[in-house]
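*Asks:* The structure that follows is given in the form of structure tokens.
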Amino acid sequence: MDYFGEHLLPGKIGHFFVTLSFAASFVATVAYYKSASAKNIEEESSWKKLARAAFVVDCFSVFSIFAVVYYIISHHYFEYNYAWEHSNRTLPGQYLLACIWEGSFLLWTIWQCVLGLILLFKAKKWEAPVMTIISFGQLCLATMILGIYISNAKIGINPFLLVRQMPGFGDAPIFNRPDYMSIPQMQDGQGFNALLQNYWVVIHPPVLFLGFAATIVPFAYAFAGLWKKDFGSWSKPALPWTLFAACVLGTGVMMGAAWAYEALSFGGFWAWDPVENASLVPWLVLVAGLHTQVIYNSTGHSLRATYFFLIMSFVLVLYATFLTRSGILGDSSVHAFVDSGMNLQLVLFIVVFLAPAFYLFINNYKKIPHIEKEESAYSREFWMFIGSLVLFLSSVFIITATSLPVINKIFKTNWSVGEDNTFAYNRVEVFIAIILGLLTAFTQYLKYKDTHRKVFLKKIAVPTIIAAAISLLVSIFGNINYTRYGAGFLTAIHLALFGGTYAVVANTLYIWAEMKGKIKYAGASVAHVGFGLMLVGILLSTSKKELLSFNTTGINLPFDPKDKDKNPLENITLLKNVKTDMGKYWATYTGDDSTNAVGNISYYHIVLTEKKTNRHFDLYPDLVKNTKGMEGVSQNPDKHHYWDRDIFSYINYASNLEKGNDTSKFKFSPISAKDTVFYSNGYMTLNKTVKNPNNQKYHFNPADTAMMADINIVSRDSMHYTASPVLYIRNNELRSIPDTVFAQNLIVVLKGVLNDKPEIGIKESSSLVPFVSLKVYEFPQINILWMGTVIMIIGFVMSIVHRVNRKGLPS
């Protein structure tokens, strides 16, 4: 059938570059391998020229693929599945670019191209063996977007497939029409995931995937050293690359934490979510490898450990890719995952790097230089190695717990970390934090090889005393009373707080006293100061996190009991323009709501006023309509920043979510005094009737004809309310004044008297007055965490600059 309205040329161009990228990366891999294996200089040079040309062609193809995909998305060619699945016409420009990130293999291979081009000119004698690995990585990534079938096996997902070419779509009735593009369903796409519509989606994935891509470089150097049996000389030129990979990957992980804190409603920056863990673990192992690599370059110790850690860091990146793209974490992560249909290919992606790397490592293990003499317990390298080992053991625990869905699927088991997922990790990692804090503090005061005991104790005494005094004062006066998990865990928190403080104080004094303020050489110490501040910030903000939105209104919305986040007692219900007591604050929902230009985001205006100072500030948490066929909305929090704390808020429900005409009607019942009438959420009793009431609410005089019903209302949760509807005559006309009980969505009216009994009317309506259900947390000292993160990154950058300047560009 000949279809019309389709734009097929971009897809054909894209197909061509996908194929060219695969072919060029294959040629580059073979040519670099031949160059690295050549027996003479002429042969090596000849193969290297071909390899370089092929790699450049591969890079040109990859960037062309990226450009064509963006062209299709930005021009709204929804006949292409990639555009139809990930975008729509109302998506802002920055998110159109971010749509490409959802195809993360393309982003990954772009960064690997950039890194490869740098290595092409700077790797010098290591170019051929290192670029063999990089090119092979490009070849593997090229298969991920190849999109071909061999028998029934799918190799990759082609970003240029049309919707009608997708499995399960081609038989749809609309594709029996040559003009199917004119059908309304094809005029717009499914849209971008609502939870991802945040500025972080534009910057976090590129940084994280640059970190993922960068881990292949130290891996490639280590692999090349084993392959060429040049076991040690690769380490110094590879060290700036290890620093770079650790810096960027760590930055990406913490950007993800900041994004979660800003855009997700679980109330925090880290939830030990499987996807968070999958990106953290390679970084922990990489940092372990970085420290053992520094040890080897300085003393000759720990080369075997360096090989192991650098190999494992990249393999764990590949494993993280399997976890996130296989769909196996779909039921255990707040991130949404589906099976990509490439599970076997993802497993092979791991195996083709893991198997040869470990074969070479094991086969050459005894040949790898190793100093038989044990390190002194008063040497820097001894405790740096202990720290690396602790990092690795921490990563083993985290990745094992994260992999339980995989283990359960393989062995048909049903293991889990327990109902309290966060504590399952925290109860182990808090002790890791204590050890790392202590090691980070005192290790730099030791010299390589050996240190005189008295000299060491003299130098470390002052920072130890200062840190102990500061942490003791914080423990006593800092109001750290996190008793949820008992005294033992609280004690561990205080010890970890000392460890973090110790790391900050000791490294700061080291820069000042030992390095004489020569800051340009102090990258490692600056990074350690940042790490210590991060640790302190995590402990304080988490252990002192306080729920502010205890429900004082008595209005308990019928949330799903299975949803722990929507406990009615922890979500305060705010009626429009009603100033409501919320502990330290007065909370007012102004009702001055707004929507964005597209109409898919609703902003709610909340005013919080501090009781002590009477200062107020505005919050605008919003709700985003879900996309991709999902019903309902997603919460986007809003925060108010103080220098020492954050006020974090989000909407769990809003009355305007159920718009529509109020079709509920009054139900009338004649009742006598002390009689009871039931409604859906409780019952009400007529206490008495009062003639011509004169009180704060009503003012009648003895000459009037008026009657008020005094009604007591009891809800299912034993809350008591009153209603006082009135019936009166004015100008010979019978009139009524209904009374409203907002907390129970009730309107009560007195209709008249029937057979000497007052006739009471009851109407239950959910549209009495606009309201929102708000959850609010206070995060004390959260800014210490973010400040520590920035300082740690600065320390990494300083170390990279120092290493590059000292030895020239990475080689």
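*Asks:* Over all distinct alpha-carbon pairs, what is the Kirkwood Rh of the stretch 428-472 in angstrom?
*Replies:* 11.7
*Asks:* If you don't mind, there's one more thing I want to ask. Treating only the Cβ atoms of Lys and Arg (+1) and Asp and Glu (-1) as charged, compute the dipole magnitude of the chain about its Cα centre; round to the nearest 20 debye.
*Replies:* 2620
*Asks:* Obtain the nm distance between the two label points defined at Lys373 and Ser45 by a simple spin-label model: each point lies 7 Å from its Cα along the Cα-to-C-beta direction.
*Replies:* With each label placed 7 Å out from Cα toward Cβ, I get 4.5 nm.
*Asks:* Compare the Cα positions of Asn176, Leu280, Pro405 along the charge dipole of the chain (+1 at Cβ of Lys, Arg; -1 at Cβ of Asp, Glu; about the Cα centre) and return the one farthest towards the positive end.
*Replies:* Farthest towards the positive end: Leu280.
*Asks:* For the stretch 80-187, calculate the relative contact order in percent as a whole number, restricting contacts to Cα pairs under 8 Å that are 6 or more residues apart.
*Replies:* 25
*Asks:* Name the shape class, rounded, prolate or oblate, that the alpha-carbon gyration tensor gives for the stretch 389-523, where a ≥ b ≥ c are the square roots of its eigenvalues, rounded holds for a/c under 1.5, and otherwise prolate holds if a/b is larger than b/c and oblate otherwise.
*Replies:* The shape class here is oblate.
*Asks:* With every protein chain kept in place and ligands, DNA and RNA left out, what is the accessible area per residue of the chain? Probe 1.4 Å, answer in Å².
*Replies:* Per residue, the chain has an accessible area of 46 Å².
*Asks:* Mind checking which of Ala23, Asn805, Asn732 is farthest towards the positive end of the chain's charge dipole, using Cβ charges of +1 (Lys, Arg) and -1 (Asp, Glu) about the Cα centre?
*Replies:* Asn805
*Asks:* Right, here's the next one. How would you order 505-517, 664-676, 291-303 from highest to lowest mean count of nearby Cβ atoms within 10 Å?
*Replies:* Order by mean packing, descending: 291-303, 505-517, 664-676.
*Asks:* Taking Kirkwood radius over Cα pairs in Å as the quantity of interest, determine which of (i) 31.6; (ii) 28.9; (iii) 30.8 was computed from the displayed structure.
*Replies:* It is the value labelled (iii).
*Asks:* Given a cut-off of under 8 Å on Cα pairs at least six residues apart, what relative contact order in percent is computed for the chain?
*Replies:* Once divided by the residue count of the chain, the mean separation gives 11 percent.
*Asks:* Once R0 is set to 35 Å, what does the formula 1/(1 + (r/R0)^6) return for the Cβ-Cβ distance between Ile183 and Ser765, expressed as a FRET efficiency to the nearest 0.05?
*Replies:* 0.30
*Asks:* Right, next: Less than 19 Å apart at the alpha-carbon level, and either on another chain or at least 8 residues along: which aspartates and glutamates does that give for Lys520?
*Replies:* Those aspartates and glutamates meeting the cut-off do not exist here.
*Asks:* Percent of accessible area on the chain owned by carbon and sulfur, 1.4 Å probe?
*Replies:* 61
*Asks:* In the chain, which whole DSSP H runs stretch at least 18 Å along their own axis (Cα) and average 1.0 or higher on the Kyte-Doolittle scale?
*Replies:* TM-like helix candidates: 104-122, 127-144, 200-214, 303-325, 343-363, 380-402, 421-442, 453-477, 486-509, 523-543, 782-807.
*Asks:* With +1 on the Cβ of every Lys and Arg and -1 on the Cβ of every Asp and Glu, and nothing else charged, how large is the dipole of the stretch 100-173 about its Cα centre, in debye rounded to the nearest 20?
*Replies:* With Lys and Arg at +1 and Asp and Glu at -1, about 280 debye.
*Asks:* Need the list of lysines near Lys449 for cross-linking: C-alpha distance under 24 angstrom, and skip anything on the same chain fewer than eight residues off.
*Replies:* Cross-link targets: Lys236, Lys366, Lys367, Lys373, Lys458, Lys459, Lys516, Lys518, Lys807.
*Asks:* A follow-up question, please. For the chain, what is the calculated [θ] at 222 nm in deg cm²/dmol (nearest 500), taking -39500 (n - 2.57) for each run of four or more DSSP H residues and dividing by its residue count?
*Replies:* -16500 deg cm²/dmol
*Asks:* Might you report the magnitude of the Cβ-based charge dipole of the stretch 692-811 about its Cα centre, with Lys and Arg at +1 and Asp and Glu at -1, to the nearest 20 debye?
*Replies:* The dipole magnitude comes to about 1020 debye.
The values are calculated or read from the model by the stated rules, or taken from the named source; none is laboratory data. Remember, predicted model here, so these are calculated numbers, not experimental data. Ideal geometry is used to build each Cβ from the backbone, glycine not excepted, and the neighbour counts take in all protein chains shown. Heavy atoms of the whole protein, side chains included, go into the accessibility calculation; ligands, DNA and RNA do not. Shrake-Rupley method; radii C 1.70, N 1.55, O 1.52, S 1.80 Å.
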